[in-house]
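These notes concern the structure reproduced below.
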C-alpha cells in the first residue's frame with residue numbers, strides 16, 4: 001500500500017526538481033526551448049518518471065506499484081499512465097502549499113511603478 005503514496009510523491013518531486021526547484025535552477029534554466037516546454041509539462045514528464053520509477057523500484061518486492069508483476073511488460077507503462085494523472089494533481093497541491101506558506105524573502109519592487 002505504501003507504493004501508492006511513494007510513486008506519486010517521487011514522480012512529483014522529480015518533475016519539480018527538473019522544472020522548477022531553485023536548487024536545480026542552474027540546470028533547467030539552460031534547457032533548450034523545446035526541452036524546457038516538455039519539462040514544464042507535469043503530465044508529460046510524469047509519464048516518463050513513472051515509467052522509470054517502475055523499472056527501478058519494481059524490482060523490489062515491497063516497492064512495486066499496486067503489487068503488479070514487476071517482470072510484466074505492461075507494468076512500467078501502467079505506472080507511467082498513472083503518473084500522467086497523479087503528477088499534475090500532486091504538483092498542484094504542492095504548489096498551493098508553497099503559495100500558502102509564503103516566502104521569507106520579500107518580492108523585489110517592479111521596474112515600472114503603477115500609475116494611479
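Just so it is clear, none of the values below were taken in a lab; they were calculated from the coordinates. Every value quoted in this text rests on a predicted model; they were computed, and no experiment measured them. Note that we place each Cβ from the backbone using ideal geometry, even for glycine, and neighbour counts take in every protein chain shown.
Per residue, the average separation of C-alpha pairs within less than 8 Å and at least 6 apart gives the range 3-96 a relative contact order of 37 percent.
Averaged over residues, the count of other Cβ atoms within 10 Å places the peptides 2-12, 94-104, 18-28, 40-50 in the sequence 40-50, 2-12, 18-28, 94-104, highest first. Approximating the spin labels as points 7 Å out from Cα along Cα→Cβ, the residue 96-to-residue 36 distance works out to 2.9 nm.
Taking max minus min of the alpha-carbon positions on each principal axis, the range 3-96 gives extents of 38, 27, 20 Å, largest first. Net length available on complete extension from residue 89 to residue 24 is 21.2 nm, with 0.36 nm assigned per residue and the Cα-Cα distance removed.
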